[in-house]
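Notes follow the structure.
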Amino acid sequence: MKYRIECQPGYSYLEVELNPGDSIASESGSMAWMDPGVEMETSTRGGVFAGLKRSFLSGESFFQNTYTSEEQGSRLALAPGPSGAIVALELNGEEVFLQKGAYLASIGDIKIDTKFDGLRGFFNEGLFILKCSGTGTLFFNAFGDIQQVSLSGKNVGNNADDNFADDWEEAVQVDGDYTVDNGYAVAWDPSLDYRLTTGRKIRSFLFGDQIMLRFSGEGRVWVQSRSPQAFASWIHPFRRVKSKNNN
Amino acid sequence: MKFNILETGAFQSALVEFEHGEELFSESGAMVRASGNVEMDVSTRSRGKSGIMGGLKRMISGESFFVSTYKVGPGEKGEVGLAPVLPGEMKTISLDGSTTWVCSGGSFIAAGGDDVEMETRFQGFGNVFSGEGLFFLELSGVGDALVGGFGALHEIEVSGEFTLDTGHLIAYEKTLEYKISKAASSLTQSFLSGEGFVMKFEGHGKLIVQTHDVTGFGKRLGPLLPERE
């Protein structure tokens, strides 16, 4: 199966060419267009319980769609909800954690499960995050551009290099700490340990400062360049106010 | 201190690299990420005089009450990633000590360098009716400032007179002066045209504008959302 990610990073969508025998699973509602030969099957993938867990606990949809085709070269385009970048990640038996809402599609044998995030997830986006594991290609999406950050602080994003005068290291550096705002962390390696922090000073907590994920260990973090939460709070004051009289 | 703008187009963000002794401060919600050695603090003002009043004024100007400051320990280097809220471009303004830049409320993201001063300036009540904030931020000293807007950002070299619709201002050099005035010759025409008030600039200097009006976008979306309590 061939795939292409078009219109990176602002308005990315994923286009695949399905041949007989190929299949791709996707988040429901992400299909943008397809050839008539493409068949769609909707299921809870992994059973009703897995579906329930996914929808109630992690904010993903209860149903997931699987696309197949009996014809050669049937095209299918999948587009995520937010406008932004799509990352294709090859998994060979590894795991990766995704923030709520970031899953787009997967090819091959990839299991999407929810992971209880414990108390540290209390202030997080949701109590649960997605755990993706298996062998195949995983596609996840972001709001805005996405940059891969290694924990030494070197940026190893695909496109970022063009704008840098310096030489940036290609390889992912390991060891160390890195802080990412809660609204911007999209995905990370499970080898990383993380905890929630506010600023160092207590007053930043008192005055409702941002909540941050502090990663430590070895691994990669994918960071998006816009925050859905910040966008939502920006739009809030523009909403009309409910009139106070109860008549 | 080095300000790098990442990507092109609608979703630009910035990555600032800095060393011990250099002080970086940003609008308090703007931080996306930071290397582990960066020490963050939140204050009403990065340093100096303004204190609580500065915080209050900044809040009215459309910025948040607090400013985040970032530092690293002796001999260390740190990085901080910053982004605006809305889709749009970012731009760095270099402060060379000779010019003062004035930023409209909401466009300021961060500043840093050897010696950057930030002041909040009252703009007069005319600004309230026009939709611009009551206060603008003034940046001077030596270093760099980072601004972000909604849509694309353009730099315009003004020599003489220039008219800018309210809501499109990002920043201007203080060698320019502006007056709020009506868009057309008569008041009725100004309102019928939908332009209302405009800013009439005069002088010689640089002006940075954004292609889209933030309030216009908000007013378009707001009524489509459920009412708030």
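Per-structure values
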{"quantity": "Residues of the range B:111-142 classified as in contact with a Cys (Cβ under 7 Å, 6 or more places away or on another chain) and at pLDDT below 85, total", "calculated": "1"}
{"quantity": "Residue pairs meeting the criteria (Cβ under 6 Å; at least 6 apart or on separate chains; first within 7 Å of another protein chain (Cβ to nearest Cβ), in the range B:207-229; second part of a loop (DSSP other than H, G, I, E, B) and surrounded by 13 or more Cβ atoms within 10 Å (Cβ to Cβ))", "calculated": "B:222/A:239; B:225/A:239; B:228/A:239"}
{"quantity": "Checklist (1) within 23 Å of residue A:141 (Cα to Cα); (2) at pLDDT 50 or above applied to residue A:239, failing item", "calculated": "(1)"}
{"quantity": "Count - residues of the range A:55-104 that are at pLDDT 90 or above, in a loop (DSSP other than H, G, I, E, B) and among the basic types (Lys, Arg)", "calculated": "0"}
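The values are calculated or read from the model by the stated rules, or taken from the named source; none is laboratory data. Note that the structure is a prediction, hence the values are computed from the model and not measured. A quick note on method: Cβ atoms are made from the backbone with ideal geometry, for glycine too, and the neighbour counts reach across all protein chains shown.
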